[in-house]
Amino acid sequence: EAGVTQSPTHLIKTRGQQATLRCSPISGHTSVYWYQQALGLGLQFLLWYDEGEERNRGNFPPRFSGRQFPNYSSELNVNALELEDSALYLCASSLLAGGASTDTQYFGPGTRLTVL
Amino acid sequence: AQKITQTQPGMFVQEKEAVTLDCTYDTSDPSYGLFWYKQPSSGEMIFLIYQGSYDQQNATEGRYSLNFQKARKSANLVISASQLGDSAMYFCAMRETAGGTSYGKLTFGQGTILTVHP
């Protein structure tokens, strides 16, 4: 069974540009999560999508947005890129639609975004 | 607010020996889940083991076991018979529900870098 996939692997942008990151969950998983892993800041929760709806978002500005498609894949958009947006962006998926505390999140390989 | 603390920035272990990675957590909710992930230098987060707050027994998965002490709010990961491939960053994480509603997110600790020596 294929795991969570993310594209692109690496992305280089300049300040002020927009970045689009993509994620395909494990087959049968309906929930998708996005995390940012920046140097010195650890792993920070960005967004949670379930059944096409945004269920929760972390403490990030509105220029971080996303969506979930009918096939449960997801897209993360970062507008007006800033230097501090340089990070590894990890996508995860889980099986249980309710997002119970028992629900295990499985992660993809990540997209490394570099903002110059 | 929930909080996860990993107090060991780095740990060293000899191949074939056991090692314990510490994790303490803080939550006021009675229902929560605790997870351990491994992150090799490639960056991908690999799920290792899960412990639920209501589980009566400590979780085990192959060479991984979780020493869950609920009263002390600790969930230490024990890796037995360490292998060179175990060298990686290890994260403890918690998923909390509040009044039966999940916020979806995992809150991660700062991580512990484990180095296995031959």
> Among (1) under 19 Å from B:TYR37 (Cβ atoms); (2) modelled with pLDDT of 95 or more; (3) hydrophobic (A, V, I, L, M, F, W, C); (4) out of contact with any strand residue (DSSP E or B) (no Cβ under 6 Å at 6 or more places or on another chain), where does A:ALA92 come up short?
Replying inline: (4)
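Test B:ALA81 against the stated conditions and say whether it is small (Gly, Ala, Ser), assigned to a loop (DSSP other than H, G, I, E, B), exposed (fewer than 14 other Cβ atoms within 10 Å of the Cβ) and at positive phi. Reasoning before the result, please.
Working: small (Gly, Ala, Ser): yes; assigned to a loop (DSSP other than H, G, I, E, B): yes; exposed (fewer than 14 other Cβ atoms within 10 Å of the Cβ): yes; at positive phi: yes.
In short, yes.
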>> When you scan region A:70-81, do you find a residue that is within 29 Å of B:SER53 (Cα to Cα) and hydroxyl-bearing (Ser, Thr, Tyr), even just one?
In response: no
> Can you tell me how many residues in region B:69-111 are among the β-branched types (Val, Ile, Thr) and free of Cβ contacts under 8 Å to residues at least 24 places away in the same chain?
Replying inline: 1
> All but one of (1) more than 10 Å from every other protein chain (Cβ to nearest Cβ); (2) in a strand (DSSP E or B); (3) more than 16 Å from B:THR20 (Cα to Cα); (4) of a type in the set (A, V, I, L, M) hold for B:MET94; which doesn't?
Replying inline: (1)
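Applying the selection to region B:1-51, what residues are assigned to a loop (DSSP other than H, G, I, E, B), more than 9 Å from chain A (Cβ to nearest Cβ) and within 24 Å of A:PRO109 (Cα to Cα)? Let's see the steps before the verdict.
Filtering region B:1-51 for residues assigned to a loop (DSSP other than H, G, I, E, B) gives B:1-2, B:6-9, B:15-18, B:22-23, B:27-31, B:40-45.
After this cut, where a residue has to be more than 9 Å from chain A (Cβ to nearest Cβ) as well, the list is B:1-2, B:6-9, B:15-18, B:22-23, B:27-28, B:30, B:40-41.
Scanning region B:1-51 gives B:GLN6, B:PRO9, B:PRO40, B:SER41.
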> If you go through region A:45-67 one residue at a time, how many are of a type in the set (Lys, Arg), modelled with pLDDT of 95 or more and assigned to a strand (DSSP E or B)?
Replying inline: 1
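Criterion first (more than 11 Å from chain B (Cβ to nearest Cβ), of a type in the set (Gly, Ala, Ser) and free of Cβ contacts under 8 Å to residues at least 60 places away in the same chain) does A:SER65 satisfy it?
Details: more than 11 Å from chain B (Cβ to nearest Cβ): yes; of a type in the set (Gly, Ala, Ser): yes; free of Cβ contacts under 8 Å to residues at least 60 places away in the same chain: yes.
The answer is yes for A:SER65.
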>> Is it the case, given these coordinates, that A:ARG15 is over 20 Å from A:PRO109 (Cα atoms) and at pLDDT below 95?
In response: no
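May I ask you to verify whether A:ILE12 is loosely packed, with under 15 Cβ neighbours inside 10 Å and closer than 25 Å to B:SER41 by Cβ? Talk me through it step by step, then tell me what you get.
Values: loosely packed, with under 15 Cβ neighbours inside 10 Å: yes; closer than 25 Å to B:SER41 by Cβ: yes.
So A:ILE12 passes the test.
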>> Quick check on my filter: what residues within region B:9-26 are in contact (Cβ under 8 Å) with a residue 60 or more places away in the chain and surrounded by 17 or more Cβ atoms within 10 Å (Cβ to Cβ)?
In response: B:VAL13, B:VAL19, B:LEU21, B:ASP22, B:CYS23, B:TYR25
>> Against the conditions (1) away from chain B (no Cβ under 11 Å); (2) within 15 Å of the chain's Cα centre (by Cα); (3) among the hydrophobic types (A, V, I, L, M, F, W, C); (4) crowded, with 16+ Cβ neighbours inside 10 Å, where does A:ALA38 fall short? Just the number, please.
In response: (4)
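The values are calculated or read from the model by the stated rules, or taken from the named source; none is laboratory data. Since the structure is predicted, the reported quantities are computational estimates derived from the model, not experimental observations. Glycine also receives a Cβ, built like all others from the backbone with ideal geometry; neighbour counts cover every protein chain displayed.
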